[in-house]
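Some notes on the structure that comes next.
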Amino acid sequence: MSDVKLAAETRTEFGKGAARRIRRENKVPAVVYGHGVDPVHIALPGHELQLALRTPNVLLTLDIEGKTELAIPKAVQRDAIRGSLEHVDLLLVKRGEKVNVEVYVHTEGELAPGAFLLEHVLSTLTVEAEATHIPESVTVSIQGLEAGAAILAKDIPLPKGTTLAIDEDAVVLQVLAAQAEEAPADAEAETEA
């Protein structure tokens, strides 16, 4: 898990116009909340935040007016066309505190020979982990699986200190037999003639 340090500036102006002014300065409006404290509205450096958010569940060390806070991204809003950051919600965390986060499920290996398809029923897995030791992803082997096989949440190996936060019998991956597409009836009649 990576830890990224960012300098934050508190915001006193709110609304659409203020947010646009912040974005023109290559900063991103954000709000930090949690632990029963009032939400703090801040502006973060745009480029550094964009790079940090490439890592799923990144731990951010925020310097807010000389006070250091740890936070993880809870919601990220992006511009639908340009993909630029519009707003970020950050959740305050403490060292040793357990948090629920979603981690990506990666597969390794090859399915058994034949016409089989792998369906990702869940592309992420909700787990509970210490805020400073959140895994970036989990990996599960699909080597040799055939149609009808399913991998449940409880079958996925988790890193030490990480536990499932969803039903352990939830289907994460399943293997399906590929369906052959039938030719339309008129096409068959034309080929026979």
Output ³J(HN,Hα) for region 33-39: one whole-Hz value per residue in order, computed from phi by the Karplus curve 6.51 cos²θ - 1.76 cosθ + 1.60 with θ = phi - 60°, and x for Gly and Pro. 9, x, 6, x, 9, 5, x
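How many Å² of accessible area per residue for the chain, probe 1.4 Å? Let's see the in-between values first.
On the way: 11600 Å² over 193 residues.
On a per-residue basis, the chain sits at 60 Å².
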HN-Hα J in Hz across region 95-110 - Karplus 6.51, -1.76, 1.60, θ = phi - 60°, x for Gly and Pro: 4, x, 6, 8, 10, 9, 9, 9, 10, 6, 9, 9, 10, 9, x, 10
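Which links in 27/154; 67/154; 94/160; 5/154 stretch past 31 Å when you go from one Cα to the other? Working shown, then result.
Values: 27/154 42 Å; 67/154 40 Å; 94/160 19 Å; 5/154 35 Å.
Result: 27/154; 67/154; 5/154 exceed 31 Å.
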Would you please calculate the Kirkwood hydrodynamic radius of the chain over all C-alpha pairs and express it in Å, rounded to one decimal? 19.8 Å
Nothing charged except the Cβ atoms of Lys and Arg (+1) and of Asp and Glu (-1): what's the magnitude of the dipole of the chain about its Cα centre? Round to the nearest 20 debye. 1720 debye
About the Cα centre, and with charges only on the beta carbon of Lys, Arg (+1) and Asp, Glu (-1), how big is the dipole of region 1-108? Nearest 20 debye, please. 280 debye
For region 157-170, in order, what is each residue's ³J(HN,Hα) by Karplus, 6.51 cos²θ - 1.76 cosθ + 1.60 with θ = phi - 60°, in whole Hz (x at glycine and Pro)? x, 10, x, 4, x, 10, 10, 5, 10, 10, 4, 5, 9, 5
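Stokes-Einstein diffusion coefficient for region 44-133 at 4 °C in a medium of 1.567 mPa s, Rh from the Kirkwood formula over Cα pairs: what value in µm²/s? If you can, show how the numbers build up before the last one.
Details: Rh = 15.8 Å.
The diffusion coefficient I find is 82 µm²/s.
Of all DSSP beta bridges located in the chain, what percent are antiparallel, nearest 5?
Values: 39 of 54 bridges.
So the antiparallel bridges amount to about 70 percent of the total.
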For region 123-168 and region 44-79, what is the separation of their Cα centres, given in Å? 25 Å
If amide hydrogens are placed 1.01 Å from N in the peptide plane, which non-local residues have theirs closer than 5 Å to the one on residue 78? 86
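The values are calculated or read from the model by the stated rules, or taken from the named source; none is laboratory data. Remember, it's a predicted structure, so these values are computed and weren't measured experimentally. Note that we place each Cβ from the backbone using ideal geometry, even for glycine, and neighbour counts take in every protein chain shown. For the accessible areas, the whole protein counts, side chains as well, though only heavy atoms, and no ligand, DNA or RNA atoms are used. Shrake-Rupley method; radii C 1.70, N 1.55, O 1.52, S 1.80 Å.
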